Amino acid sequence: MKINTLKDFIEKINFDLGDFCSTFAYTRKGLANLSKSPNRNFLFKYADYDRDWAINEGGGVEIQMHVFLRDDKLGMDLDLTLNMCLLRMKRALLNI
C-alpha cells in the first residue's frame, strides 16, 4: 500500500476497521474506568492543520496512541497523557 498523506492513511484505517472502532472505544472505557467512551466512529483523529501526527483520543489519564508520518516513515508512539484540569478536579473531589 502506498501512503500519499497521513490524512489518507488515517481515513483508510478508520474506514477499514469499521465496527472495531466502536468495540475498541467501549472496551477502553471499561478498562480505564472512564465516565464516557472516546469517539466511537474512528480510531484515530486527524487535524487538517499543519501536523504530522494523528491521535487516538481518550480520557484524562491513560496511555494514548499517536500515529505519525515523518520523512516518509510511518510510526506509532504510545504516550501517557495527563489532563491537568481533570486531575485537579478529581483531587478536589477526593478531599471532600
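Measuring r between the beta carbons of residue 41 and residue 72 and using R0 = 25 Å, the FRET efficiency lands at 0.30.
Note that the stretch 64-77 has calculated 3J(HN,Hα) couplings of 10, 9, 10, 9, 9, 10, 10, 6, 6, 10, 8, x, 9, 10 Hz, one per residue in order, obtained from phi through the Karplus relation 6.51 cos²θ - 1.76 cosθ + 1.60 (θ = phi - 60°); glycine and proline are x.
Extension gain for residue 79-residue 12 works out to 21.8 nm (0.36 nm per residue, less the C-alpha to C-alpha distance). Cross-link partners for residue 73 among the aspartates and glutamates, with Cα-Cα distance under 19 Å and sequence neighbours closer than 8 places in the same chain left out: 8, 11, 50, 52.
Values quoted throughout were computed directly from the atomic coordinates according to the rules given, and no laboratory measurement underlies them. Keep in mind that what you see is a predicted model, and the values were worked out from it rather than measured. Here Cβ is always computed from backbone atoms with ideal geometry, including for glycine, and neighbour counts include all displayed protein chains.
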